[in-house]
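To keep things clear, I will list the structure first and then write my remarks on it.
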Number of protein chains: 2
Amino acid sequence: MQTVAIFGVGLIGGSFGLAIKRAGFTGVVLGVSSERTIAEALKAGAVDRGASMDEACRAADLIYLAQPIGRILELLPCLDPLVRGGALITDAGSTKSAIAECAAKSIRRAQFLGGHPMAGKERRGAAAADADLFRNRTYVLTPASKEAMTSVVVSDFVGWLEKIGANIIVMDAAAHDRLVAFTSHLPQLASTALAETVDGRGDTRVAGSGLLDTTRLALSAYDIWKDIIATNRENIAAALDSYIEQLAAIRMRLNSPLLEEDFEKACRFRSGLNI
Amino acid sequence: MQTVAIFGVGLIGGSFGLAIKRAGFTGVVLGVSSERTIAEALKAGAVDRGASMDEACRAADLIYLAQPIGRILELLPCLDPLVRGGALITDAGSTKSAIAECAAKSIRRAQFLGGHPMAGKERRGAAAADADLFRNRTYVLTPASKEAMTSVVVSDFVGWLEKIGANIIVMDAAAHDRLVAFTSHLPQLASTALAETVDGRGDTRVAGSGLLDTTRLALSAYDIWKDIIATNRENIAAALDSYIEQLAAIRMRLNSPLLEEDFEKACRFRSGLNI
């Protein structure tokens, strides 16, 4: 891996550039983003220089797509004619099936490997880039087949993920999307709905700190969630159905000693979380 | 106020004792609890000595009930014959209507004033007592009437709440219980239900940190929540109904640009929280 091109040098893309440089990558890191973002990324030390899409595709062994999902879906069909034969294209989108389908249709000359780093921060943008963003965090890879993990370019990329401290989990794109509908997308919508439900009920100074925790995700930006929801709608609807069912069951048990089991099960689950 | 008796010297009771002592209270603070708890409270400096219920009632101008709600409801009818005429009995229970009704029936010789300090910590017990627990935190008082706030004993007590830094909000017991059903009890059950819903879906290393925030309350102990739910069941059921309705509305809008309004409303609410 000699030349890496990062498309979308925000928090994730910028952190990836910074992280591999800190981990000893001595090749060139190109950034493909707006002029302002490139300036920020240069200042953060996340890229060596900005490049056009054409130039980046001609030069790169690894193309790292860290834009919003919608932009990745638009971009993939344009990349194939431009990339070096045998290069690796990977992405960092929060849903994987739609991107995997799009890549399967449009990428012929390069190899594609979907990825989802489970890492983030409240701040966005390259200025918040952090060489340790991926350290001890789950990084899901969703190869189209088992064989897709065995190529030299993929081994090289996986080696860099290990060097930057990521905990790699390999699973298929559909299983990933079903799972994150529960572990990530449902908590987001549960929090949004909770904030809306509590809104207007009275003086919120009369509240516990638990309201802050449970509604923290309500601060999330719709522009990111729009694409996530659009590309995982069925799984999210199923997760919401299960949650509504669970809430209705708890409502039925408000008068019953069985409610203790709900608290115990929930406590056991939460105590076992290791995120 | 010369002698204060704290019944139940756990986190809240112990912190109240510690806080008034630090704020300059020079009278005697008696603790009524199990032997082990009194030993802990003495070590923490939260009480001057342990006392029996009879002794504490004979001596105290202020009786501060910091036990679980169920225990307060059992205790109130026993206190009236024992207390000094004109003493103030207050409590720190998380629901107020059941306690207010019980006090209205059983307390004749003393004055009763319901209270709810919106303060807490993950650790329980007098060993975790903290003189600053109430500082800058809401302390709801629920007098039976406006006149109930004007007596000398109440003014004296309110003065101490101010000295320990609490932000006092006066409201009636029923309004308090309706409000906390949304601001405190609903977040608890939403969190419990969320943990149960996500449980068993797969490898939770594939999750965002938002799952930790939204399920933190799932760690809460049922022994506290049992009494809260038993004394605020109708309001909690109504809050759950509203939440389920909101979730169902969001589910309907997964396919609609109107979902952006949900995110905006929720974000505005959360940004305005000042707990």
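What follows is calculated from the coordinates using simple rules that are stated; it is not laboratory data. Fair warning: this is a prediction, and the values are worked out from it, not measured in the lab. Cβ coordinates were reconstructed from backbone atoms using ideal geometry, including for glycine residues, and neighbour counts include every protein chain displayed.
Some points to look at:
- Label point at B:Asn136 placed 7 Å out along Cα→Cβ; residues across region B:259-274 whose backbone nitrogen lies under 14 Å: B:274
- GNM result for chain A, Cα springs below 10 Å: residue of A:Ala144, A:Ala221, A:Ala44 fluctuating most strongly: A:Ala221
- The protein assembly as shown - charge dipole about Cα centre, Lys and Arg +1 at Cβ, Asp and Glu -1, debye rounded to 20: 840
- Dipole magnitude for region A:189-238: computed about the Cα centre from +1 point charges on Lys and Arg Cβ and -1 point charges on Asp and Glu Cβ, it is near 80 debye.
- Calculated SAXS-style log₁₀ I(q)/I(0) at q = 0.06, 0.10, 0.12 Å⁻¹ - the protein assembly as shown, Debye, Cα scatterers: -0.39, -0.84, -1.04
- Label 7 Å beyond Cα on the Cβ vector: B:Met252 copy-to-copy distances, nm: 2.4
- For chain A, modelled as a GNM whose springs connect Cα atoms under 10 angstrom apart, the maximal fluctuation among A:Glu234, A:Glu261, A:Glu147 occurs at A:Glu261.
- Counting, for every residue in B:112-124, the Cβ atoms of other protein chains within 10 Å of its Cβ and taking the mean gives 1.
- Distance between the 7 Å Cα→Cβ label points at B:Arg22 and B:Arg109: 3.6 nm.
- Divided by 2.2 N^0.38 Å, where N counts the residues, the Cα radius of gyration of region B:8-157 comes to 0.97.
- At q = 0.14, 0.15, 0.17, 0.22 Å⁻¹, base-10 log of I(q)/I(0) for region B:189-275 (Debye sum, equal scatterers on each alpha carbon): -0.72, -0.83, -1.05, -1.35
- Net charge over other residues, Cβ less than 10 angstrom from the Cβ of B:Gly86 (K, R count +1; D, E count -1): +1
- Computed magnitude of the charge dipole of region B:89-243 (debye, nearest 20; Cβ of K, R +1, Cβ of D, E -1): 260
- Average Cα contact separation per residue, chain A, under 8 Å, 6 or more apart, as relative contact order %: 17
- Note on chain A: GNM, Cα springs under 10 Å; of A:Arg84, A:Arg123, A:Arg49, the largest mean-square fluctuation is that of A:Arg123.
- Radius, Kirkwood style, for region B:75-198 when every pair of distinct Cα atoms is counted (Å): 16.0
- Percent of C-alpha pairs per 5 Å bin in region A:228-275, short distances first: 5, 18, 16, 18, 19, 14, 7, 2, 0.
- For chain A, the membrane-span-like helices by this rule, meaning whole DSSP H stretches whose C-alpha atoms cover at least 20 Å of axis and whose Kyte-Doolittle mean is -0.5 or above, are A:233-252; this says nothing about an actual membrane.
- Under 28 Å of direct C-alpha separation, and excluding same-chain neighbours fewer than eight residues apart, A:Lys265 reaches these lysines: B:Lys121, B:Lys226.
- Computed log10 I(q)/I(0) for chain B at 0.07, 0.10, 0.15 Å⁻¹: -0.30, -0.57, -1.12, from the Debye equation with unit scatterers placed on every C-alpha and solvent omitted.
- Shape category assigned to region A:7-71 from the gyration tensor of Cα positions, a/c cut at 1.5: rounded
- When the charge dipole of chain A is built from unit charges on Cβ atoms (+1 for Lys and Arg, -1 for Asp and Glu) and taken about the Cα centre, the candidate among A:Pro77, A:Ala174, A:Ala207 whose Cα reaches farthest toward its positive end is A:Pro77.
- Kirkwood Rh and Cα Rg combined as Rg over Rh, evaluated for region B:53-100: 0.95
- The protein assembly as shown: antiparallel DSSP beta bridges as a percent of all, rounded to 5: 15
- Taking N as its residue count, the alpha carbon Rg of region A:157-240 over 2.2 N^0.38 Å: 1.42
- A:Ile89 long-range amide H proximity, modeled H, under 5 Å: A:Ile63, A:Gln111, A:Phe112, A:Leu113
- Length-normalised contact order of region B:123-275 in % [C-alpha pairs under 8 Å, at least 6 apart]: 22
- Legend: mean number of C-beta atoms from other chains within 10 angstrom of residue C-beta atoms, peptide B:65-72, equals 0.
- An ellipsoid equivalent to region B:157-203, defined through the eigenvalues of its Cα gyration tensor, has semi-axes of 36, 15, 5 Å when rounded to whole angstrom and sorted largest first.
- Eigen-decomposition of the gyration tensor built on the alpha-carbon atoms of region A:125-196 gives equivalent ellipsoid semi-axes of 28, 19, 9 angstrom, largest listed first.
- Inter-chain Cβ neighbour count for B:172-180, averaged per residue, equals 2 (cutoff 10 Å, partner chain atoms only).
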